[in-house]
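A.B. asks: Take a look at this one; I'll ask things after.
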Amino acid sequence: MRPIRILALSTVAASLMAAACATTAPETPAIAPVVVAANTQQWLDDIRILSADDMQGRDTGSPGGEMARNYIIGRFEALGVEAPRVGRLQPWEATGRTRQGPKTFNGINILGVVPGTRVTDRYIVVSAHYDHVGVHDGLVFNGADDNASGVSTMLALADDLRRQAPEHSVIFVAFDGEEHGLLGAKHFVEVPPVPLASIAMNLNFDMTARAETDGKLWVTGTYQNPTFRPLLEGIPADGAVSLAFGKDTPQDTGEDNWVEASDHGPFYRAQVPFLYFGVNYHPDYHRPSDDFDKITPSVFISATQLSIAGFRALDQGLDR
Ligand SMILES: [Zn+2]
């Protein structure tokens, strides 16, 4: 548990300055092995920065939430992920749940688009929520695993797509308001930036950095979308992490049914095909101790590599 601390020169500000410089600096020649090493460091940096105390738990509508949003916008721009026609930001107003009862929130989803090469008019919506639950009783809920990790996995995939374009067009969306009832995702599905019928699927990342209980990156939604499963079954384990299918059948009840546990839920409700990638619960889930120093870097890197491999398999197998 951590008390609130405000850093004089925040890591965020420093990082945003670095990102701003990076967009104007001349490009350095890429050497393959070095790039790979640098990338995984960037993946970890993204979690560390988004889950630092100065982000104040990234609650919807809070200054910390805005700081996180600015960081993610900077990362999309550094990666060359353009804004879609409707714009980079998708603001919304909605009433959601809090510990004290219902409350109206003004949230902002962050959008990016990468054009496809084969199926340009069909979209894979890749999502991860950037909000978390903020500060309670003077303690910052840093949300390193939930869900700075998923945002970082999404950014890692964006980086990968920049190097090798996807076959389908891809819309990236960092959702706001997940913790208050999937508010950003509900708005996205109600007012989609492209027609809902053109969305081939939603692939949602939420918690990708710890797997101490079972060594699994769970894939939820193949019960509802069985054609996706053979596309993913051949993906071998990466390090100590392997894909597992489930948490989505009628026999999975309560906390063990994840079909509507995160932002893929509104897509499922709207009959848009979906898959959710995420790790199992752990003792720091939704506690102020969900900190960067509790994640397992090797697990996160493996889960992210499996996520990228999963995306590629889906992208290449869909609409065949
Ligand atoms: Zn989450």
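A.B. asks: For the pair R269 and A83, how long in nm is the line joining their label points, each one 7 Å along Cα→Cβ?
C.D. replies: Distance between the two pseudo-spin positions: 2.8 nm.
A.B. asks: Could you put T253, T60, T227 in order, starting from the residue whose Cβ has the fewest other Cβ atoms within 10 Å?
C.D. replies: On the way: T253 8, T60 28, T227 11.
So the ranking, lowest neighbour count to highest, is T253, T227, T60.
A.B. asks: Describe numerically, in nm with one decimal, the distance between label points set 7 Å from Cα along Cα→Cβ at Q251 and at Q100.
C.D. replies: Between Q251 and Q100, the label points sit 4.5 nm apart.
A.B. asks: Would you kindly derive the ³J(HN,Hα) couplings of the range 113-130 from the backbone phi angles with the Karplus curve 6.51 cos²θ - 1.76 cosθ + 1.60 (θ = phi - 60°), listing them in order in whole Hz, with x for Gly and Pro?
C.D. replies: 9, 10, x, x, 9, 10, 10, 6, 9, 10, 10, 9, 8, 9, 10, 7, 7, 9
A.B. asks: Take the Cβ-Cβ distance between Q41 and D319 as r, set R0 to 45 Å, and report the resulting FRET efficiency rounded to the nearest 0.05. Spell out each step's value before the answer.
C.D. replies: On the way: r = 35 Å, r/R0 = 0.79.
Between Q41 and D319 the formula returns 0.80.
A.B. asks: Now a separate question. Identify the residues of the range 253-287 with backbone N under 20 Å of a label point that sits 7 angstrom from the Cα of A197 along the Cα-to-Cβ direction, or state none.
C.D. replies: Under cut-off, by backbone N: 267-274.
A.B. asks: Next question, about the same structure. Does the range 11-317 classify as rounded, prolate or oblate by the C-alpha gyration tensor (a ≥ b ≥ c root eigenvalues; a/c under 1.5 gives rounded; else a/b over b/c gives prolate, otherwise oblate)? Provide the component values of the computation, followed by the final result.
C.D. replies: Working: a/c = 1.15, a/b = 1.00, b/c = 1.15.
It is rounded, given that a/c, with a ≥ b ≥ c, falls under 1.5.
A.B. asks: Rounded if a/c is under 1.5, else prolate if a/b is larger than b/c, else oblate: which is the range 172-320, with a ≥ b ≥ c the root eigenvalues of its Cα gyration tensor? Present the calculation step by step, with values, prior to reporting the outcome.
C.D. replies: On the way: a/c = 1.61, a/b = 1.20, b/c = 1.35.
It comes out oblate by the Cα gyration axes.
A.B. asks: So how do H282, H264, H136 line up by other beta-carbon neighbours within 10 Å, fewest first? Can you show the working numbers first?
C.D. replies: Details: H282 19, H264 31, H136 12.
Lowest to highest Cβ neighbour count: H136, H282, H264.
A.B. asks: Ok, one more. R0 = 45 Å: FRET efficiency of V135 with E233, Cβ-based, nearest 0.05?
C.D. replies: 0.60
A.B. asks: What is the range 118-194 by shape, rounded, prolate or oblate, if you read a ≥ b ≥ c off the alpha carbon gyration tensor as root eigenvalues and call it rounded for a/c under 1.5, prolate for a/b larger than b/c, and oblate otherwise? Write down the numbers at each step before the final one.
C.D. replies: On the way: a/c = 5.19, a/b = 1.69, b/c = 3.07.
Taking the square roots of the gyration eigenvalues as a ≥ b ≥ c, the range 118-194 is oblate.
A.B. asks: While we're looking at this one, here's another question. So what J values fall out for the range 242-248 if you push phi through Karplus, 6.51 cos²θ - 1.76 cosθ + 1.60 with θ = phi - 60°, rounded to Hz, Gly and Pro as x?
C.D. replies: These are the phi-based 3J(HN,Hα) values: 10, 6, 9, 10, x, 6, 9 Hz.
A.B. asks: To continue, here is another question. Sorting R210, R163, R58 on the 10 Å Cβ count, fewest up front, what's the list?
C.D. replies: Values: R210 24, R163 9, R58 30.
Result, fewest neighbours first: R163, R210, R58.
Computed from the coordinates by the stated procedures, all read-outs in this text should not be read as laboratory data. It should be emphasised that the depicted structure is a prediction, and the values quoted were computed from it without experimental measurement. Heads up, the Cβs are rebuilt from the backbone with ideal geometry, glycines too, and the neighbour counts pull from every protein chain shown.
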